[in-house]
There are 2 protein chains.
Amino acid sequence: MKIAIVFGGVSFEHEISIVSSIAMKDVLKNELVYIFLDENREFYHIPTDVIKSKLFSSGDYKKFDKLSIAKNGFYKKGGLFSKEKPLDFDIALTLMHGGDGEDGVVASLFEFYNIPYLAPRVEACVVSSNKFLTKGYASSVDVNVVDYKYFTKGDEVKVDEFPVILKPVKLGSSIGVSIVKSKEELDYALDVAYEFDDAIIIEPFISGVKEYNLAGTKVNGEFKFSILEEPQKAEFLDFDKKYLDFSRTSKAKEIDLGEELNTKVKEAFKRIYNNLFEGSLIRCDFFVIDNEVYLNEINSIPGSMANYLFDDFNALLNEVASNLPKRKHIPISYEYVNKIHSAKGK
Amino acid sequence: MKIAIVFGGVSFEHEISIVSSIAMKDVLKNELVYIFLDENREFYHIPTDVIKSKLFSSGDYKKFDKLSIAKNGFYKKGGLFSKEKPLDFDIALTLMHGGDGEDGVVASLFEFYNIPYLAPRVEACVVSSNKFLTKGYASSVDVNVVDYKYFTKGDEVKVDEFPVILKPVKLGSSIGVSIVKSKEELDYALDVAYEFDDAIIIEPFISGVKEYNLAGTKVNGEFKFSILEEPQKAEFLDFDKKYLDFSRTSKAKEIDLGEELNTKVKEAFKRIYNNLFEGSLIRCDFFVIDNEVYLNEINSIPGSMANYLFDDFNALLNEVASNLPKRKHIPISYEYVNKIHSAKGK
């Protein structure tokens, strides 16, 4: 199976996407095709043997072939009298962690142009890329979340008890996130967050809370889980540290929380995944507080696909790729238009 | 302002979209441009003076010019040596009530290709086109919803008390919806609903409940509401009756629920709209039960834009069109890539 990795994108996480995508060369045995989406929303085909991060920061990617997206795939321009040539691959793997990827824009393009893709479908993207919607969704499927308040630009923000953690609703990778320890720090944190988004959530900051990451997917109705990891973290991961995380390819260390908690974490994952996330491999980050499991966030396109959490990532990804959700056929009918015309006698 | 009405789409509501779009000729004074999306996901430019529903049922629309969608707009093919010509319009008005429209697919295309549009943004589409997500969202913004249970294909469905109303989560216009009066009717209703969707919700069917519709939008931070209407309905509206509803252009009759309830309905609308639905004009359908307001559903692209609920629909739509949300500039940086390269000394 030939996999096209689609990366880059108009996103605060553009760079992370590049690093994450290059990491795939080390962990996937498939023939890979690299499709870069640049800041002008132009697609380029980057040859796999020369790809490196500097190509993008230098602008040198522009010397490679431009692609257009159209029905059933990506196409290279032909000459004046030759036809466009389709780029050869079997499925696309979207590896854009913020805008264009996790927000559902490119998933919509793939739906529209009938391109098979391994990534969350549009609904799953929207739910997981907006922390406010994630909270509501988790509650709907009976998964605990930490209490929160939701504010939009212009709302009066009142905080009763510090410290709190303040997050723009729509960005990942800790961008725009602040821990606010006192009233004096609040205005600055609000300014920072509103720089990135018009809506924020504020949660109590629970010092010393343990976070655990579990990745997984579903193949033919059966869940496939990664090991559970307790990620390294400072007070919370800032962008620099998370960035390095996106290039991880060496196997993580498993943590055992005991049977009861291990099961609770998996049950919570299943409730989140079912069935909104079909077609994707996601990583859920959980807190454990007083022996209960809370969802922190859903990474619907996790950094380097969370490969480092799986025993045989290559085999699993290929299994998912071979079992993508089928599109439902929607018949177009003109029954009612015809009925009206025959009633009118014309 | 020249408005491009984008309609059709791969959708169970394809026909309704046609009827709804043609109705715009009667209620908008703007110069209109019609862009039809057919079942093969090809766009066509239909001349405004000849548009009628029969053009589509007969397939005659194919004799008009094909369009391609690309950066900043829609384009007509030029000759062999002439350039593609952009179709001239100021903003697009998406009038697809089901798939491709309300599900966020075309909104994503417009985001991707930088085309200004009057319609819900992608997140708003996803939340309002999925009844399960709508329920969760309404609860998150403190708007009442009728109790419900959520099931996906394969789940065991147990109903304690009949009658219930059973709905596929993702379709509008009552498609696939059944009122189930007894256990014996349940399997058939499930088959019908699962024909259209893999997930359903089941609610108690409250006989004789009153439904009220309120449409509205926000212009420069200020809410603009329509009159409140109590729509005509049989036990519940079936597709035929709703279909006729989509061509409505004559003014509806206002209903006054008294100051307290009128205010409650508007407050609920505001909480739903804010700020997820910016850039769109939506219709919310509410129930009133025991003097409390419950959200039934959000029509994020209402039939014929709910023009019949507004005193001066033409003026309002033009106001919204002139105040569409601005896109945030997302700077692409290569700070971290550069940092790594300078650390590595290459």
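The values are calculated or read from the model by the stated rules, or taken from the named source; none is laboratory data. As the structure is a prediction and not an experimental result, all values here were calculated from the model. We place every Cβ from the backbone using ideal geometry, glycine too, and count neighbours over all the protein chains shown.
Before moving on, here are some points about what is shown:
- Condition broken by A:Leu171, with the remaining ones in (1) away from every other protein chain (no Cβ under 11 Å); (2) touching a helix residue (DSSP H, G or I) at 6+ places or on another chain (Cβ under 6 Å) satisfied: (1)
- The range B:119-130, subset in contact with an Asp or Glu (Cβ under 8 Å, 6 or more places away or on another chain) and part of a loop (DSSP other than H, G, I, E, B), residue nearest to the other protein chains (Cβ to nearest Cβ): B:Asn130
- Test: B:Val157 is over 18 Å from the mean Cα position of the chain (by Cα), among the aliphatic types (A, V, I, L, M) and part of a loop (DSSP other than H, G, I, E, B): yes
- Of all residues in the range B:252-273, exactly one satisfies the criterion of being farther than 12 Å from B:Leu295 by Cα, among the β-branched types (Val, Ile, Thr) and in contact (Cβ under 8 Å) with a residue 40 or more places away in the chain, namely B:Ile255.
- Flag if B:Ser247 is at negative phi and of a type in the set (S, T, N, Q): yes
- When residues of the range B:78-90 are limited to those that are assigned to a loop (DSSP other than H, G, I, E, B) and touching a residue at least 12 places away in the same chain (Cβ under 8 Å), the one surrounded by the most Cβ atoms within 10 Å (Cβ to Cβ): B:Phe89
- Subset tally (residues that are within 12 Å of another protein chain (Cβ to nearest Cβ), of a type in the set (A, V, I, L, M, F, W, C) and within 23 Å of the chain's Cα centre (by Cα)) for the range B:40-69: 3
- Residue list for the range A:1-39, restricted to those being more than 19 Å from A:Arg248 (Cβ to Cβ), in a loop (DSSP other than H, G, I, E, B) and within 12 Å of chain B (Cβ to nearest Cβ): A:Gly9, A:Val10, A:Ser11, A:Phe12, A:Asp38, A:Glu39
- Restricting attention to the range B:156-184, the residues that are over 20 Å from B:Ile16 (Cα atoms) and among the aliphatic types (A, V, I, L, M) total 7.
- Restricting the range A:35-47 to residues that are surrounded by fewer than 17 Cβ atoms within 10 Å (Cβ to Cβ) and in contact with a strand residue (DSSP E or B) (Cβ under 9 Å, 6 or more places away or on another chain), the residue that is farthest from A:Lys85 (Cα to Cα) is A:Glu39.
- Of all residues in the range B:165-210, those being closer than 29 Å to A:Lys328 by Cβ, of a type outside the set (A, V, I, L, M) and not in a helix (DSSP H, G or I) number 14.
- Just one of (1) buried (at least 18 other Cβ atoms within 10 Å of the Cβ); (2) without any contact (Cβ under 8 Å) to a residue 24 or more places away in the chain fails for A:Ser58. It is (1).
- For the range A:163-197, a tally of residues being over 22 Å from B:Tyr273 (Cα atoms) and in contact (Cβ under 8 Å) with a residue 40 or more places away in the chain returns 9.
- Where B:Val50 falls short, out of the listed (1) crowded, with 17+ Cβ neighbours inside 10 Å; (2) modelled with pLDDT of 95 or more: (1)
- Contact annotation: residue pairs with Cβ atoms under 6 Å, 6 or more positions apart or on different chains, pairing a residue in the range A:94-118 that is more than 10 Å from chain B (Cβ to nearest Cβ) with a partner that is among the charged types (D, E, K, R), are A:His97/A:Glu13.
- Candidates B:Lys241, B:Lys233 - the one that is at pLDDT below 95, assigned to a helix (DSSP H, G or I) and under 26 Å from B:Phe162 (Cα atoms): B:Lys241
- Close pairs (8 angstrom Cβ cut-off, 6 or more residues apart or separate chains): within 14 Å of chain B (Cβ to nearest Cβ) and closer than 16 Å to A:Asn262 by Cβ in the range A:274-302, outside any strand (DSSP E or B) and of a type in the set (D, E, K, R) anywhere: none
Rundown of residues vs (1) surrounded by fewer than 23 Cβ atoms within 10 Å (Cβ to Cβ); (2) out of contact with any Pro (no Cβ under 6 Å at 6 or more places or on another chain); (3) under 19 Å from A:Tyr137 (Cα atoms); (4) not small (Gly, Ala, Ser), yes/no style:
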| site | (1), (2), (3), (4) |
| --- | --- |
| B:Pro116 | yes, yes, no, yes |
| B:Cys125 | no, yes, yes, yes |
| B:Asn130 | no, yes, yes, yes |
| B:Pro163 | yes, yes, no, yes |
| B:Ser182 | yes, yes, no, no |
| B:Val192 | yes, yes, no, yes |
| B:Ile200 | no, no, yes, yes |
| B:Pro204 | yes, yes, no, yes |
| B:Gly208 | yes, yes, no, no |
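- The listed residues are A:Leu32, A:Leu28, A:Leu67, A:Leu93, and the only one of them that is surrounded by 15 or more Cβ atoms within 10 Å (Cβ to Cβ) and more than 30 Å from A:Asn130 (Cβ to Cβ) turns out to be A:Leu32.
- Filter result for B:Asp49 (at positive phi and assigned to a loop (DSSP other than H, G, I, E, B)): no
- Filter result for B:Glu102 (assigned by TED's automatic domain parsing to the domain that holds B:Glu39 and under 11 Å from the mean Cα position of the chain (by Cα)): yes
- A Cβ distance below 7 Å, combined with a sequence gap of six or more or placement on separate chains, defines the contacts here; from the range B:131-149, residues that are more than 7 Å from chain A (Cβ to nearest Cβ) reach residues that are polar (S, T, N, Q) and buried (at least 21 other Cβ atoms within 10 Å of the Cβ) in the pairs B:Thr134/B:Ser128.
- Restricting the range B:133-154 to residues that are out of contact with any strand residue (DSSP E or B) (no Cβ under 9 Å at 6 or more places or on another chain) and part of a loop (DSSP other than H, G, I, E, B) leaves a set whose member that is modelled with the lowest pLDDT is B:Gly154.
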